[in-house]
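Beneath this line is the structure, given in structure tokens, with notes to follow.
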Amino acid sequence: MSTEESSLQELAMREPWRTARGTPRNALDPTWIPGVGDECCDGRIIWEGKGPWWFCNKCGYIGSSPTPIHKPIQHPLDFFMASIFFYIRKGLESPTPVTKETALFQALYVTGVALRNAVVQRSRLGLYLEQLLAK
Ligand SMILES: [Zn+2]
């Protein structure tokens, strides 16, 4: 960490779920599904000094946008479980559907591959997550 990085910036790099990197932002993203987390968070914003970084004292979101409007972040375990169910459901709805068991095994395998590759990207997990976004 350079001396010019803020502590919030460093925390956001170490805990990328706090910036929601890699998650769908809106309905235009094919991985987006409507849910209770779509409403903007009403937590109090606390700015770090005079820099661009801030955090939400309600959900823990960290941002650097001048406009601190954000959706509440999900706990990583909740996001993981929701993603597994999302993958299985999409597999069942596919034009070439797979069985629930095959969809689950695919999800577990893809997760394993992503985790193995994340190990060598650990120092820049946020960038790695953005590379995984659906194009
Ligand atoms: Zn919040």
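Along region 54-61 the Karplus relation, 6.51 cos²θ - 1.76 cosθ + 1.60 evaluated at θ = phi - 60°, assigns HN-Hα couplings of 8, 9, 9, 7, 9, 10, x, 4 Hz to successive residues, with x for each Gly and Pro.
With contacts taken as Cα pairs under 8 Å at a separation of at least 6 residues, the chain carries a relative contact order of 25 percent.
Applied to region 108-124, the Karplus parametrisation 6.51 cos²θ - 1.76 cosθ + 1.60 on θ = phi - 60° returns per-residue 3J(HN,Hα) values of 5, 5, 4, 4, x, 4, 4, 5, 4, 6, 5, 4, 7, 10, 4, 6, 9 Hz, with x for Gly and Pro.
Label sites at residue 123 and residue 96, each approximated as a point 7 angstrom past Cα along Cα to Cβ, lie 4.0 nm apart. With each label modelled as a point 7 angstrom along the Cα→C-beta vector, the residue 109-residue 25 pair spans 3.3 nm. Per-residue ellipticity at 222 nm from helix content only, as computed over the chain with -39500 (n - 2.57) for each DSSP H run of at least four residues, stands at -12500 deg cm²/dmol.
Since every read-out is calculated from the coordinates, none of them should be taken as a lab result. Keep in mind it's a predicted model, so treat the numbers as computed, not measured. Quick reminder, even Gly has a Cβ in these numbers, built from the backbone with ideal geometry, and neighbours come from all protein chains shown.
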